[in-house]
Structure formats: structure tokens, C-alpha cells
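Below is one structure; the comments refer to it alone.
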Amino acid sequence: MDVVQWSCRLMASSFRCTLVTPQEQVVSTSVSYASIPGWDGLFGVAPKHAPLVAKLVDGPLRLDCVEEGVKSYFVGSGFAQIKGDLLSLVVERAIPVDQIDRQEAEQSLQEALEVVAETTQKMDAKQRQINRARAMLRLAR
């Protein structure tokens, strides 16, 4: 197989992908597949995908790069656009999986769970107050 045939075959089985955050361009490479965290769940993109604009949520992004192998990221919310042979991902943040700080993530989860527990307790107290007032109003009629 000569270089031209190889190049044509590569183009047919891959597409261009760019991943950007407000701070930087993280990736610009050829990929054969992408798994993307969409609003309605993970979805895959392969060569010759139909045009699409999708809202993204926090989650895992997997790029099967033609030359570099698989790259995995945690991405923050954003948008994806597929047009022709270009996948554009614009996200709030993109952290390579190998750079995620496990302790920091665990601490963030614990803090969020504490806020939820505190908020739930306050909501329960408010609901009891509402129920009490409604019961008193029913009796006062």
C-alpha cells in the first residue's frame, strides 16, 4: 500500500477532533471513535456521523486517537458539534484521567454530601412546619 492509499484509507476511518476549554486547546487530532457525555447519556461518534449539536454534562470523554492511542478525560459541561468530518468539543474544563487527584475528588464529594444532608434536614423541618400550619388551619375552619 502506497502513502496515498494509506492516507485515503485513514481519512475514511477517522475524523478530526478538537477539544477546547476557555483556557486552552487541549486536543486537535484524528480519532476513529469518541465516547461523549451527553445530556441524555453517553453517546458515540464514529466516522461519517450525521451532523449534530449536543449539550454535554460533567463526565468521561474517551477519544480513540489514530496516532496516540486512547485518551481519556473528565470534562465539564459544554457543547459538541459534528459537522462533516470535524467533531468540536467546547467544555468548561478537561482533565486527563491520569491527572485527577483522588483525594481532592473524595473531599469534594464529602463536602457536597454534607451540604445535601444539611439542606435535606432544613427542608424536612420546613415541610413539618407547613404540615403543622395546614393542620391548624383545617381545624380553625
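The values are calculated or read from the model by the stated rules, or taken from the named source; none is laboratory data. Just so it is clear, the structure is predicted and the values come from calculations on it, not from any experiment. Ideal geometry is used to build each Cβ from the backbone, glycine not excepted, and the neighbour counts take in all protein chains shown. Ligands, DNA and RNA are excluded from the accessible area calculation, which covers all protein heavy atoms including side chains. Shrake-Rupley method; radii C 1.70, N 1.55, O 1.52, S 1.80 Å.
Only protein atoms count toward the accessible area here, which uses a 1.4 Å probe; on the chain, the carbon and sulfur part of that area reaches 56 percent.
Express as a percent, rounded to the nearest 5, the fraction of DSSP beta bridges in the chain (both residues included) that run antiparallel. Around 90 percent of the beta bridges assigned by DSSP in the chain are antiparallel ones. The overall shape of the stretch 60-141 is oblate: from the C-alpha gyration tensor, with semi-axes ordered a ≥ b ≥ c, the ratio a/c is 1.5 or greater and a/b is no larger than b/c. Exposed loop sites were defined as GluC sites (Glu not before Pro) in DSSP loop states (anything but H, G, I, E or B) carrying at most 13 other C-beta atoms within 10 Å; in the chain the longest segment without such a site runs 93-141. Surface listing: 71, 48, 55 arranged by accessible area from highest to lowest gives 48, 55, 71, probe 1.4 Å. Computed from point charges on the beta carbon alone (+1 for Lys and Arg, -1 for Asp and Glu), the dipole magnitude for the chain about its Cα centre is near 1220 Debye.
Excluding ligands, DNA and RNA, the accessible surface per residue across the chain is 72 Å² with a 1.4 Å probe. Partner lysines whose Cα lies under 18 Å from the Cα of residue 48, excluding those fewer than 8 positions away in the same chain, are identified as 83. Rg over Rh for the stretch 17-80 works out to 0.93, using Cα positions for both radii and the Kirkwood form for Rh. Using a cutoff of 8 angstrom between alpha carbon atoms and counting only pairs six or more residues apart, the relative contact order for the chain works out to 19 percent. Taking label positions 7 Å along the Cα-Cβ direction at both residue 138 and residue 121, the computed distance is 2.9 nm, reported to one decimal. For the chain, the Kirkwood hydrodynamic radius from C-alpha pairs, put into Stokes-Einstein at 25 °C and a viscosity of 0.890 mPa s, yields a diffusion coefficient of 134 µm² per second.
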